[in-house]
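So the structure is just underneath, and the comments pick up after that.
Derivation of every value follows stated rules applied to the coordinates shown; laboratory data play no part. All values reported here derive from a predicted model rather than from experimental measurement. Glycine also receives a Cβ, built like all others from the backbone with ideal geometry; neighbour counts cover every protein chain displayed.
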Amino acid sequence: MKTFAVACLCAAALLGGCDSVSSRIENRFEAVPPHTRTFAANRRAVFEAAQVAVKNVGLLVGRASSSKGHIEAYAPIRGGDSVSYTRQTALDITITESGPAETEVDLLVSEDTEGSFPGGVSKQAQREHSLYEMYYSALQQVMLENGTLKAEAKP
């Protein structure tokens, strides 16, 4: 009788979190859409302001292509030790003209992890991250300061 009770307890423990585990696995392989904002400015001005905004949030510009409207940025590597893994946060910014004097900025934040787990390296796009709001706020501030955007009139 004791063996049966222990077996039932083990089965319940193993099967108890199946829904949350399956949804986490499903979310990991589902494509994460970028966060998008539209600005009333030309593409070139937004591209230049976007590079300054990267630096203003404390990140480094890795690659930038004005012709493609693409910027790759990253944070310095956070070192790991025997308990935690090495991590690095990266931004993938795409700037496209969406209309006359209107530019769309797509931003995707990802977390790169390297450690002793199988495969060794993992890149995971983040659905939610504080950098989304921080970056768009910094970008808007840079464009207000350099005159690319006009401040909204307060009634």
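Observations, loosely collected:
- Couplings 3J(HN,Hα) of segment 46-53, computed from phi: 5, 4, 5, 5, 5, 5, 5, 5 Hz, in residue order, whole Hz [Karplus 6.51 cos²θ - 1.76 cosθ + 1.60, θ = phi - 60°; x for Gly and Pro].
- Extending 7 Å from the Cα toward the beta-carbon at both residue 30 and residue 44 defines two label points whose distance is 4.2 nm.
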